[in-house]
1. How much accessible area per residue does the stretch B:113-156 have, in Å², with a 1.4 Å probe?
2. For chain B, with all protein chains present and a 1.4 Å probe, just round the carbon and sulfur fraction of the accessible area to a whole percent.
3. What do you get for the angle between helix A:122-146 and the principal long axis of chain A? Use alpha-carbon atoms, 0 to 90 degrees, nearest ten.
4. Using a 10 Å Cβ count of at most 16 others and DSSP loop calls, identify the longest part of chain B lacking such GluC sites (Glu not before Pro).
5. Which of the residues in the stretch B:217-236 show a loss of at least 30 Å² in accessible area from their chain by itself to the complete set of protein chains, at a probe of 1.4 Å?
6. Could you work out the percent of alpha carbon pairs in chain B separated by over 30 Å, rounded to a whole number?
7. Just to be sure I understand: if I project the alpha-carbon convex hull of the stretch B:38-116 onto a plane and average over all orientations, what area do I get in nm²?
8. Return the equivalent ellipsoid semi-axes of chain A as a descending list in whole Å, where each equals the square root of 5 times an eigenvalue of the C-alpha gyration tensor.
Amino acid sequence: MSAPAMGTSKTAHSDSSNKKKKGPGTLATAYLVIYNVVMTAGWLVIAVGLVRAYLARGSYHGLYYSIEKPLKFFQTGALLEILHCALGIVPSSVVLTGFQVMSRVFLTWAVTHSVREVQSEDSVLLFVVAWTVTEIIRYSFYTFSLLNHLPYLIKWARYTFFIVLYPMGVAGELLTIYAALPYVQKTGLYSITLPNKYNFSFDYHTFLILVMVSYIPLFPQLYFHMMRQRKKVLGHVEEYSKVE
Amino acid sequence: MDALALEAKGAKSESAAAPAPSKPRPKPPQKAKRIVYFEVEILDIKTREKLLLLDKVEPTATILDIKSLFHKSNPHWYPARQSLCLDPKGKPLRDEEILQELPVGTTATFYFRDLGAQIAWGTVFLIECIGPLVIYLLFYFRLPLIYAPKYEFTASKHLVVHIACVCHSFHYMKRILETLFVHRFSHGTMPFRNIFKICSYYWCSAAWMAYYINHPLYTPPYYGEKQVKAALGIFLFCQLGSFSIHVALRNLKLPGCKTKKIPYPTKNPFTWIFALVSCPNYTYEMGSWLGFTLMTQCVPVLFFTVVGFIQMTVWAKGKHRSYLKEFKQYPTLRSPILPFIL
């Protein structure tokens, strides 16, 4: 699932209660700035790659192949964020961040990479574009926040673009998983049947269906959480600007 | 003479005065003749709204007494779901605390939080154990709709499957009997919503395990009879151990006595592990499930064992820490759950 909600609630809190927050040390801050700058650059590379491929080919089909490697690299790199939470240098919940990053990594590797036939689907472009725009905004938001120079435009973008990008990403993801289903069933991908000496069975096809079903309760919760965050964060700023 | 007469008059008037105010409880011997009654005010912790004002509260009243009084005027808030604190950000007060020993003046202000519907620990244990007991048997007897129709009501041809069923059922029956007759629960209740989380975990795990163990295509352990026998031995040893520990812990807690005590090894050899471990009940429980995993050689059982181990380690560490805090002389050789390791 696209993860614009990652770290949101805590970051919003820190925006409004800077006096209380201890914050990471200077070394950790420096590292985080570098990390977020690198990630912003990475996703910009992916964005540029998509645009160039589109201009070169003249159509938006099969653009995945032109950005496959940087997508895999930078999306997998996001696993570091779980470590950041575990070490406490980022004030987010390990579980929540873990869940969001793993869902992205799952879609990148266990669906798109593993089932070659879906790579030419248009739904892949749908979620790749959603992820790219979201991540560029998100990582630049973190970079500027860490440097205490957050332009209102970035803050506004972070808490507004998701309104369209989040459903777009979810639609792309669901359509891609759905497209993968027949191939998974045919080849028995990642599945193990009885009998075997571990007395265990796993049907990846059924598992993918369950993943799709899980979007139904999870997506609205995350979406409305972001909506509430938006009201809280963007609502305050108007008061502050009046005071200044 | 006059002094004696005065004294005699004084004594008569004292004895006349003493029984006059009839109280439901016998007055504890006090130096002062007057009792300073407390005034108790209960405010909602969120809205700071005044929920109840009690005057003439006995100084020896416990928090539980105050909760009972509060319950009388608000019948839907029974004592178990009340949390009373002196400070909105502070910790809830224990039921046994006495009013006059609290750092309040003669007017005490308590902040009330509704803990939500509560359910007794014992009830939770019973429900969480009856589920797996019944569910496993549904799979063991191969009720319809679980496996292919031709396997309905058939029996497995592997001896280990029957042994596993006996072990699993024995384990949960033992837990049910212990809940009814052995355990003494220190915390009375838990939030009602927890029961859904807890029961779904236990019941789904039992169904998942039972499905594979009783499956027509089940594969018996790799090392055959040797493995099953060894595993059964471990399982039974740990079941006996677990029972011994539960009995030993029960004997520590005499009914009505609220003082905490350090458990020590008794004459029963199974309790000698207390010398090395703070929570041997969890150690033995782990051992039982390890035995069961070895016996069935089934990945879902291993998964359940590992998850259980992680959870029990967390609980054991917490308990170990509270022992260390409570007792200065706590034996230093002891580890929370695994001797010397964890």
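1. Details: 2330 Å² over 44 residues.
It amounts to 53 Å² per residue over the stretch B:113-156.
2. Working: 13320 of 20280 Å².
That fraction is 66 percent.
3. So the helix axis and the longest Cα principal axis differ by about 30 degrees.
4. On the way: sites that count: B:Glu49, B:Glu96, B:Glu97, B:Glu152.
It works out to B:153-342.
5. B:Leu217, B:Thr219
6. On the way: 32099 of 58311 pairs.
Within chain B, distances greater than 30 Å cover 55 percent of Cα pairs.
7. The Cα convex hull of the stretch B:38-116, projected and averaged over all directions, gives 4.6 nm².
8. Numbers: eigenvalues 230, 91, 59 Å².
Equivalent ellipsoid semi-axes, largest first: 34, 21, 17 Å.
The values are calculated or read from the model by the stated rules, or taken from the named source; none is laboratory data. Just so it is clear, the model here is predicted, and its values are computed rather than measured. Every residue, glycine among them, receives a Cβ derived from its backbone with ideal geometry; neighbour counts consider all protein chains shown. The area values use the complete protein model at the heavy-atom level, side chains included, leaving out ligands, DNA and RNA. Shrake-Rupley method; radii C 1.70, N 1.55, O 1.52, S 1.80 Å.
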